[in-house]
1. Just to verify a number: FRET efficiency for Thr155 and Thr53, C-beta to C-beta distance, R0 = 41 Å, to 0.05?
2. What translational diffusion coefficient, to the nearest whole µm²/s, does the stretch 141-239 have by Stokes-Einstein, given a Kirkwood radius computed over alpha-carbon pairs, a temperature of 4 °C and 1.567 mPa s viscosity?
3. Show the residues, 5+ positions off or on another chain, whose built amide H is closer than 5 Å to the amide H of Val203.
4. Just to check I understand the Karplus step: with θ = phi - 60° and J = 6.51 cos²θ - 1.76 cosθ + 1.60, what whole-Hz values come out for the stretch 115-132, glycine and proline as x?
5. Through the Karplus equation 6.51 cos²θ - 1.76 cosθ + 1.60, θ set to phi - 60°, convert the phi angles of the stretch 136-141 into ³J(HN,Hα) values in whole Hz; use x for Gly and Pro.
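Throughout, read-outs are computed from the coordinates displayed, never taken from laboratory work. Note that the coordinates shown come from a computational prediction; the quantities given were computed from them, not determined experimentally. Note that each Cβ is placed from the backbone with ideal geometry, even for glycine, and that neighbours are counted across all protein chains shown.
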Amino acid sequence: MVLDHMVKLYFLFAIAVLLSGIPVAEALAQSDRASVPTIEQPGTALPDEPVLTQLRFITDNDYPPFNYIDENGKLVGFNVELAKAICAELKVRCSIQALVWDRMITAIENDAADAIIASLAITRKNRRRVTFSRQYYQTPARFVSRKSDGFKDITPEILSGKRIGVAKNTSHEAYLKAFFKTSIIKSFDGPDAARQALVDGQVDVVFGDGVSLMFWLNGIASNKCCTYSGGAFTESKFFGEGVGIAVKKNNPQLLKVINLGLDRVQKSGQFEELFKRYFPMSFY
């Protein structure tokens, strides 16, 4: 019965073609071509990618300058502007909302949002629940010393016998104990106490989060006493694999599109421009 039906359909098709004056073979070829998807122009989605109309980003609102509420009650910051730039490059509508930090991963798991752009660290623990885009920045560890002391280079040998201030129970403290064993490691209750110890001359250098130290160096509390010494320390075992945009697990197509947006923002020069706008100096 099925075969008879197919024969009848082909017979009707052939009659219609003959009446049109087009050879049957050519008509069949045209019919086949019409069913093959065509590749869009560069810059648009390929056939095997989702056609997005919008991206729903969520972020935190209490981590300046990455994401915070300004004096006008507006959600702003480096991550917020990066999300907007990604949407613009992908030519999709952009939704960016602030959410309580502890609820963000649950939000994308429940499809209440598409992606988290809130300086979420790429860690083994977070990877159990989300998938990350490529790294778009990493927070290095840095040494800071008083300008008068002139520690241009930093090595375990140079700091042998020197007093290093650090916040206790941190990855920075663990790193010092592993690699700066001949230094005098002085641990403090928090980074602010360690930095004040440097100002007061209780330690020779301080070691900590490069971004926080950058803002301290450019703020009032430091009284312009100090400067970065040596280079950036980025060992992933201690300081993580950097920061990425998080999406729901098992969504490789969305991840591919977000990585495409990140690449375009970087290649266009917008990423560098945003970085210079929000950070008074490089923390690398």
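1. 0.15
2. It diffuses with D of about 99 µm²/s by this estimate.
3. Leu198
4. Taking θ as phi minus 60°, the curve returns 8, 9, 10, 9, 6, 6, 6, 7, 10, 4, 4, 5, 5, 5, 10, 9, 10, 9 Hz for the stretch 115-132.
5. Each residue's phi maps through the Karplus curve to give 10, 6, 10, 8, x, 8 Hz.
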